[in-house]
Amino acid sequence: MTSPLPLGGPAGERPLTVTELATLAKEVLESAVPPVWVVGEVSGFRKHANGHWFFTLKDAGAKLNCVMWRADAARASAPPQEGMQLFARGSLSLYPPWGETRFMVRDLLATMEGGLQAALLERARASLEKDGLFALERKRPLPPFPRVIGVVTSPSGAVWRDIVAVVGRRWPSVELVLIGAKVQGEDAPADLRRALALADRLETLDVLIVGRGGGSKEDLWAFNDEGVARAVAASRVPVISAVGHEGDVSLTDLVADARAATPSAAAEKAVPDRVELLHRLDVLRGSLASGATRRVALVGEQLRHAATRMARSCERITDRGTGRLRDARTRMGLAAERMVEARRAEVARLAGQLDALSPLRVLERGYAVARDADGRVLRRTADLPPGLGFRLRVVDGEVRARSEGTP
């Protein structure tokens, strides 16, 4: 906890805390000095466990504490060596906890001894940066499965043989096209520009490798030529720059779409590894088979559950249907019984009516019915002439009779 500040200093002003002054100094320093390139000799390099780089740039008159954060250091080809002359691009800042002024480095670029060459390199670098040719957003991805790869390098050097060997081992189906060019000496920049222009006219190319083996800084100088760097940046297809060894970074490396430390590494970047790809395919095939098996098992289990649910539903439906059928049968039985009783009562009623109308009932009251031999009912006296035989129906049977005439 900080102690309360006095109300005023010797001049009546509120004094600043150390933190406030350091923060103010940091803000003034960062706003006053824009990002710049600094050239100097590397001293006291150390790499922190978290990946940050710490070192000093010095010349005859001063030293500058430098830090390069992990994300920026990852873009560099290799850590700088003790005593190496470098161009470093960054901005000044102040680290309040230590009260230390630091140069926050974003990019490193190897330079050469000698004032004229260093000046030429810095002028070319500044021109390329001004035109945005170092910007990460302009860099294109490499094609995953190229069919034709162009290689700009010396036909007599080991670079071409190394690239052929690596590509033949990793992805032998690709076609390699050698575009020969000088890679060192006074004529090298013009010859490299000619080769790059020729490569740009080859419509079948999918990617281009520009490279040479290791050598002194003077041997690699052609790849710091501004015209060569601009030709690389203008290439129709993505370019992999493979110039020198791990510690060498040229302008061609900075403008290319990808950078490899060696030509062999460039060949590895350009093509996939068929052995690794086949292994990945085997793993993927196994994963797909396992996934399909699990899916089939899951679907089978879901179908079994669905069948069980359907069977239970059918049982419930059957039980409800059976109950309804029993109820309907009971209701139909009762309805049939009531209908039979109703019909029986109706028949009895009609039978009673018929019985009441029956001639036998008349006969029971003491009447008789006369019929002739043909069965015709004899109703009048005229129907019974004297001597006519007829049958007389009484209540309990028939008797024979004969007419004697009217009285």
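With viscosity set to 1.567 mPa s and temperature to 4 °C, compute the Stokes-Einstein D of the chain, Rh being the Kirkwood radius across alpha carbon pairs; µm²/s, no decimals.
Details: Rh = 31.9 Å.
Answer from the Stokes-Einstein relation: 41 µm²/s.
Relative contact order for the chain: what is it in percent, counting Cα pairs under 8 Å that are at least 6 residues apart?
Once divided by the residue count of the chain, the mean separation gives 10 percent.
Net charge around residue 401, counting only other residues with Cβ within less than 14 Å of its Cβ (Lys, Arg = +1; Asp, Glu = -1)?
Once all neighbours under 14 Å are counted, the net charge is +1.
If all Cα-Cα distances of the range 64-193 are sorted into 10 Å bins from 0 onward, what percent lands in each bin, rounded to whole numbers?
Binned Cα distances yield the sequence 9, 24, 33, 23, 8, 3.
From the mean inverse distance of alpha carbon pairs (Kirkwood) and the Cα radius of gyration, derive Rg over Rh for the range 240-297. Write down the numbers at each step before the final one.
Values: Rg = 19.2 Å, Rh = 14.1 Å.
Taking Rh as the inverse mean 1/r over Cα pairs, Rg/Rh reads 1.37.
Note the full-extension length gain between residue 100 and residue 401 as 0.36 nm times their separation in residues minus their Cα-Cα distance, in nm to one decimal.
Extra length from residue 100 to residue 401 when fully extended: 91.8 nm.
Can you pull the semi-axes for the range 259-407, root of five times each eigenvalue of the Cα gyration tensor, sorted largest first, whole Å?
Ellipsoid half-lengths, sorted descending, are 116, 19, 10 Å.
Looking only at 70, 380, 140, which one moves most when the chain is put into a Gaussian network model with springs between Cα atoms under 10 Å?
Evaluated over the chain, the most mobile residue of the options is 380.
Using the beta-carbon distance between residue 348 and residue 296 and R0 = 56 Å, what value does 1/(1 + (r/R0)^6) give for FRET efficiency, to the nearest 0.05?
0.15
Treating the beta-carbon of each Lys and Arg as +1 and of each Asp and Glu as -1, no other charges, what is the dipole magnitude of the chain about its Cα centre, to the nearest 20 debye?
Dipole of the chain, to the nearest 20 debye: 3680 debye.
Where does the range 276-328 land on Rg(C-alpha)/(2.2 N^0.38 Å)?
Dividing the Cα radius of gyration by 2.2 N^0.38 Å gives 2.26.
May I ask which residue of 110, 39, 252 lies farthest towards the positive end of the charge dipole of the chain, with charges of +1 (Lys, Arg) and -1 (Asp, Glu) on Cβ and the Cα centre as origin?
Result: 252.
Given N residues in the range 18-68, what is its alpha carbon radius of gyration divided by 2.2 N^0.38 Å?
So the Cα radius of gyration is 1.39 times the expected 2.2 N^0.38 Å.
Of the residues 125, 280, 338, which exhibits the maximal mean-square fluctuation in a Gaussian network model of the chain defined by a 10 Å Cα contact cut-off?
In the Gaussian network model the winner is 338.
Sort the following peptides by mean Cβ neighbour count (other Cβ atoms within 10 Å, averaged over residues), highest first: 328-336, 54-62.
On the way: 328-336: 10.0, 54-62: 13.6.
My ranking of the peptides, most packed first, is 54-62, 328-336.
Give, as a single signed number, the net charge of other residues whose beta carbon lies under 15 Å from the beta carbon of residue 312, with Lys and Arg counted +1 and Asp and Glu -1.
+2
Please give the direction-averaged projected area of the C-alpha convex hull for the range 137-272, in square nanometres with one decimal.
7.1 nm²
Every number here is computed from the coordinates shown, using simple stated rules; none is lab data. Keep in mind it's a predicted model, so treat the numbers as computed, not measured. FYI the Cβ positions are ideal-geometry reconstructions off the backbone, even for glycines, and counts take in every protein chain you see.
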